[in-house]
Amino acid sequence: MAQFLRGKQAGIQHDFSEGLAADFFKLDDFERCGVNSKISVIAYDPVQSLLAVGTNDTPYGSGQIYVFGQRRVLVTFQFPRKSSAKFLQFCADKLVSVDSKNEVSIYSLETKRLVTSYAPPGQATALATDASLDYAFIGLSNGEVIAYDLDRESLTAYKIPNLWLDVNPRARLSPVVSLAFSTRDIGKILIGYSEGAVTFSFKQNVAQKYFIYEVPPGAPGGDPDAPSSGVRKPRMTEAIWHPNGTFVLTVHEDTSLVLWDSKDGRKLQARTLQATNVDQPGGSRPAGPDGETSGPKEPIVKVKWCAKDNPDDTGLLVAGGRHAGDSTKGLTFLDMGPTPNYQTSSWQVLSSYFERTRRHMLLPIPPGAQVINFCPIPRLSPYFAGAHDPIALLAVLSSGELVTMSFPSGHAITPTNMLHPFLSFVHPFVNKATLTPVDRSVWLGLRERRMQGPKFVIGGAEAKNPLKRFENRNVITTAHADGTVRLWDAGHDDEIENGEAIQVDLARAVGRVRNIEVTEMSLAASANELSIGLRTGELVVFRWGNNLSQGRDDAPGPNQPGKLTSINHRTDPGLKSGFIPLTLLDMQQGPVTAVKHSQVGFVAAGFEGGSLVIMDLRGPAIIHTAHLSEFSKVSKRSSFVRKKSSTEDAPPEWPTSIEFGVMTLEGEDYSSICCFVGTNRGNVATFKILPTANGAYSAAFVGVSNIEDKVCNLIPIDADSGGNALATPNAVGGLRNGMKINGVLVAVSPSSCRIFKPATSKGAHKTWDDFFVDSSAVVRTEGRGYSLVCLCGDGNARAFSIPALKEIGCSNINHIAEMRRLSEAHITPTGTVMTWTGPSEMGLFNVWGSGHQMSPSQDRLFDPAKVIPARPTITNIQWISGTQYISPQDMDILIGGPNRPPSKRMIEQMRVDEQERRQALREGRAPPPQSGPSNEEGYWSSMTRGIQERTERLGIAGDTMDRLEENSSSFASDVGKYVQSQKRKAVFGALGSKFGF
């Protein structure tokens, strides 16, 4: 009976939900877009060209690891337990991480699975891996260093004890703060303790040099405000190698940067970013352009010793160390230039080299934040601590956002089509997002052309997914805090044909770079137009086209209050074709509260001050302006019961929802273009747009209806078919032929729903008794009918029949959606829901599905054809001078030992060989030859023999080096004697010729 009554009241004669049932209302959860939590660490692999991001465990999401590749390549790794990412490093075909629960996890890039996890005997405080080694060295809080075999998935017996006990036997609590392999000699490692650093030789199994930084009385040190009555020993936070492996840098908590000679342990220079010789009394003097100023400094959080293509041309990239009161924040790059030749330079020359930098550059970051971590992006080499010839760098800010900068210039790099779209959610944060269905053929034609640098995340390969050719594309539009708007296809868990993102330069279109906060956006894809409303009251319209001012950066000029301002010239000079600024309207009526851009060239916008503007983009021109106080008067006159109150006493009213439709209004016998406006006080006003005699259009107010609560959504539908009655080009074109659309309007508020014939009909009404509705839409289910789908504040998604508004199905969504932001969710006419799941992550799911959950990514990360380059080795002069060279293969014996177990790959190969041999014997064939040096030699015998041969070769190499050193010294002695004899002969020859002999 309720269905019959509501149908009669709404003017609908059919049940559009007849084929729907509760069993069909199930959720298909298929995508998470963005980053679930705050980013803590970043790692980059230049060989595979992959980027890994680790997040913290927060109330919004548990820590996990994202590995990004080209286009939409993404694989997510979970930690064994709920924890945060602390260290993250690539090592050949594996990814090694240490989490906050002190667990070391090894992930395979080839199989995309967790290989194994290991809990070390103590707190892990440092991690070091090398692309040429199969081992991960883990520094512990007790000062020891252990080695974990990544290939054999077991802990080795090799251990480096706490070497600092030899210097200070009382230092029982001296944790390892950093580990770094020598950039040239894999057989040497630099271990940093809280009191100093030490170099350790794997070949000799001894500590070679100790580096202890002391500030004598009277010397300023890194912190001039610290008391200097006695000798100070600032705590060390990091120790790194010079790219040529000759020098060592130790970083201290007082912002001192101390440079050492690794050969004899001599201190060459102690400096800060602002001053040099800070370890000498009265020796401090300004080193940078800003000079030395008083006040506290920011701690140094990270330092990288970067090198250009020539490893001897270096510089220090420092995060922190600047004065806390500096107005500009960012990274500091000390460009030191080419390194002097160590063999021919005195210590004074080397000290002067580190004292006088060639350039002192600031790489700026957005104000109000600090860099807590950064990762250089090297071009090719995975060695030199990931800092060889970097092309760019990624910085993590204290706010949790990312910044990409070119290196060493520090120019900002947009992440659009450079990084995965999910990373753009924190580059910077998204403050507004919408989901719009776009016709597939239209979206394939929207390909932006813009000047862009070389891409550096190009690894991996996307999985082949089925392509849904006949469905509209789910295009997400995100507005960011820096005034950038991006559009990209989120897909339907299918093949994405046009995976490129589109960038809209909103800040440039407005004419300023600050105070750009988007409140509303509306995309009209069929018209290739976009409208954006700001909190400061501007409405900006963009249209797809070619940039006529390409290469020119014209002055923006002023905005005209209350009028349309042409902004075609406010275009990025590097943009060739894309969304071009068209016009700007500054009504100065408060923030924009509602925007709708129709597909037929009309734009309507509402402002918090109560104004409404309707624009025709054919001019463009403003065809109608109104104030909502006019609606209130009409609503009061149409009410039987009204109180005596003035208009000034009424609460403020502003538009909250706008929609364009084509239908026949109440009391008329023809259809027209209509604009429906809902307000925060429950009024629904109807405007009729008609052509004028001069070819333009005009808008007129028709009437108003009230639904007694804030209007959330307005959905015009066809009362005969149930389909939408939107203002589309086909519908508007049919008006010329006298086409009539019998339409009704579905108006949804948090507490009720009304289906009525515009403009003033009462229609059918239903009140939500036990919940509030935050977002809604009329959804078409293929072959079954239409329903009103609502996202409710009690954590459920509900479907109601049309026109009876009877509940059909209910599914829980509070495990997906962030309930506090449910009003920002969007529902497409096909049933795809986009809702926020956290501050920087959104979830996509389909209603009227089959209950499917998200499946693991099928993208491929590892490419075995990309070979790791050979590791840099010691120079010829170092070799002649007696430096013993150890190869990565020799390190396998030194670390793994002769009893190193076979890898899983070896065991699998042995099993396959044995199966082939048995199969051949059963078939009477000759068994295939076994892999190895001899058919009669077993695997263990072959491995033992190989180890013995390598050990012998290592001993022979050592003997050869000893003999070479003796031969070199004898050769040098003979050369010296020969030179002396030649000098003596020359002198006597000259004397003899003078005296006539």
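What to note about this one:
- Scanning segment 808-843 for residues that are touching a His at 6+ places or on another chain (Cβ under 9 Å) and either open to solvent by less than 50 Å² (accessible area, probe 1.4 Å) or of a type in the set (D, E, K, R) (or both) gives 832, 833, 834, 835.
- Applying the criterion of being in a strand (DSSP E or B) and touching a Leu at 6+ places or on another chain (Cβ under 6 Å) to the residues of segment 198-232, the residue that is surrounded by the most Cβ atoms within 10 Å (Cβ to Cβ) is 199.
- Residue ID - modelled with the highest pLDDT, chosen from residues in segment 285-335 that are open to solvent by 40 Å² or more (accessible area, probe 1.4 Å), under 24 Å from the mean Cα position of the chain (by Cα) and not basic (Lys, Arg): 301
- Residues of segment 29-43 include none that is assigned to a helix (DSSP H, G or I), touching a residue at least 12 places away in the same chain (Cβ under 8 Å) and buried (at least 19 other Cβ atoms within 10 Å of the Cβ).
- Residues that are surrounded by fewer than 22 Cβ atoms within 10 Å (Cβ to Cβ) number at least 1 in the following strands (runs of 3 or more DSSP E) confined to segment 684-759: 697-706, 713-718, 752-756.
Each row is one residue, and each column tells you yes or no for (1) farther than 20 Å from residue 763 by Cβ; (2) touching a Cys at 6+ places or on another chain (Cβ under 7 Å); (3) modelled with pLDDT under 95.
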residue: 653; (1), (2), (3): yes, no, yes
residue: 668; (1), (2), (3): no, no, yes
residue: 678; (1), (2), (3): no, no, no
residue: 692; (1), (2), (3): yes, no, yes
residue: 709; (1), (2), (3): no, no, yes
residue: 717; (1), (2), (3): no, no, no
residue: 721; (1), (2), (3): no, no, yes
residue: 733; (1), (2), (3): yes, no, yes
residue: 737; (1), (2), (3): yes, no, yes
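- The lone criterion from (1) surrounded by fewer than 20 Cβ atoms within 10 Å (Cβ to Cβ); (2) touching a Phe, Trp or Tyr at 6+ places or on another chain (Cβ under 6 Å); (3) not in a strand (DSSP E or B) left unmet by residue 16 is number (1).
- Condition check for residue 402: open to solvent by less than 30 Å² (accessible area, probe 1.4 Å) and either more than 29 Å from residue 184 (Cα to Cα) or without any contact (Cβ under 8 Å) to a residue 60 or more places away in the chain (or both): yes
- Counted residues, segment 109-161 - those being among the charged types (D, E, K, R) and at positive phi: 2
- Just one of the listed residues (122, 139) is crowded, with 22+ Cβ neighbours inside 10 Å and farther than 30 Å from residue 863 by Cβ, namely 139.
- Test: residue in segment 627-650 that is over 30 Å from residue 779 (Cβ atoms), open to solvent by 40 Å² or more (accessible area, probe 1.4 Å) and modelled with pLDDT of 90 or more: yes
- For segment 93-125, a residue qualifies if it is assigned to a loop (DSSP other than H, G, I, E, B) and among the acidic types (Asp, Glu), and the qualifying residues are 93, 103, 110.
- Failed item, numbered, when residue 132 is tested on (1) of a type in the set (Ser, Thr, Tyr); (2) at pLDDT 95 or above; (3) assigned to a loop (DSSP other than H, G, I, E, B): (2)
- In segment 3-12 there is at least one residue matching the filter, namely being farther than 30 Å from residue 498 by Cα, touching a residue at least 60 places away in the same chain (Cβ under 8 Å), aliphatic (A, V, I, L, M) and surrounded by fewer than 19 Cβ atoms within 10 Å (Cβ to Cβ).
- Once segment 164-181 is narrowed to residues that are open to solvent by less than 20 Å² (accessible area, probe 1.4 Å) and either at pLDDT below 95 or basic (Lys, Arg) (or both), the residue that is nearest to residue 237 (Cα to Cα) is 174.
- Lone qualifier among 779, 744 - being out of contact with any helix residue (DSSP H, G or I) (no Cβ under 6 Å at 6 or more places or on another chain) and of a type in the set (Val, Ile, Thr): 779
- When segment 345-382 is limited to residues that are of a type in the set (D, E, K, R) and not in a strand (DSSP E or B), the one that is most open to solvent (accessible area, probe 1.4 Å) turns out to be 356.
- Within segment 587-609, the set of residues being in contact with an Asp or Glu (Cβ under 7 Å, 6 or more places away or on another chain), modelled with pLDDT of 95 or more and open to solvent by less than 20 Å² (accessible area, probe 1.4 Å) comprises 592, 594, 595, 597, 602.
- Residue 160 in contact with a strand residue (DSSP E or B) (Cβ under 7 Å, 6 or more places away or on another chain), touching a residue at least 12 places away in the same chain (Cβ under 8 Å), β-branched (Val, Ile, Thr) and more than 23 Å from residue 247 (Cα to Cα): no
- Test for residue 814: is it under 28 Å from residue 525 (Cβ atoms), without any contact (Cβ under 8 Å) to a residue 24 or more places away in the chain, out of contact with any strand residue (DSSP E or B) (no Cβ under 7 Å at 6 or more places or on another chain) and not small (Gly, Ala, Ser): no
- Residue 77 vs. criteria among the aromatic types (Phe, Trp, Tyr), open to solvent by 10 Å² or more (accessible area, probe 1.4 Å) and either in a loop (DSSP other than H, G, I, E, B) or in contact (Cβ under 8 Å) with a residue 24 or more places away in the chain (or both): no
- Qualifying residue in segment 784-799 (condition: outside any strand (DSSP E or B), free of Cβ contacts under 8 Å to residues at least 12 places away in the same chain and over 35 Å from the mean Cα position of the chain (by Cα)): no
Residues checked against (1) within 22 Å of residue 385 (Cα to Cα); (2) touching a residue at least 24 places away in the same chain (Cβ under 8 Å); (3) in a loop (DSSP other than H, G, I, E, B); (4) hydrophobic (A, V, I, L, M, F, W, C):
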site	(1), (2), (3), (4)
234	no, no, yes, no
238	yes, yes, no, no
245	yes, yes, yes, no
251	yes, yes, no, yes
255	yes, yes, yes, no
259	yes, yes, no, yes
264	no, yes, yes, no
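- Whichever residue in segment 266-284 is within 37 Å of the chain's Cα centre (by Cα) and in a loop (DSSP other than H, G, I, E, B) and, among such residues, is modelled with the lowest pLDDT: 274
- The strands (runs of 3 or more DSSP E) found wholly in segment 467-535 and carrying at least 1 residues that are under 22 Å from the mean Cα position of the chain (by Cα) and surrounded by 19 or more Cβ atoms within 10 Å (Cβ to Cβ) occupy 473-480, 484-489, 502-505, 518-524.
- Of the residues making up segment 438-466, those that are open to solvent by 50 Å² or more (accessible area, probe 1.4 Å) and not in a helix (DSSP H, G or I) number 13.
The values are calculated or read from the model by the stated rules, or taken from the named source; none is laboratory data. Please read these numbers as outputs of a predicted model, since none were measured by experiment. In this analysis, Cβ positions are derived from the backbone assuming ideal geometry, glycine residues included, and neighbour counts consider all displayed protein chains. The accessibility values were calculated without ligands, DNA or RNA, using every heavy atom of the protein model including side chains. Shrake-Rupley method; radii C 1.70, N 1.55, O 1.52, S 1.80 Å.
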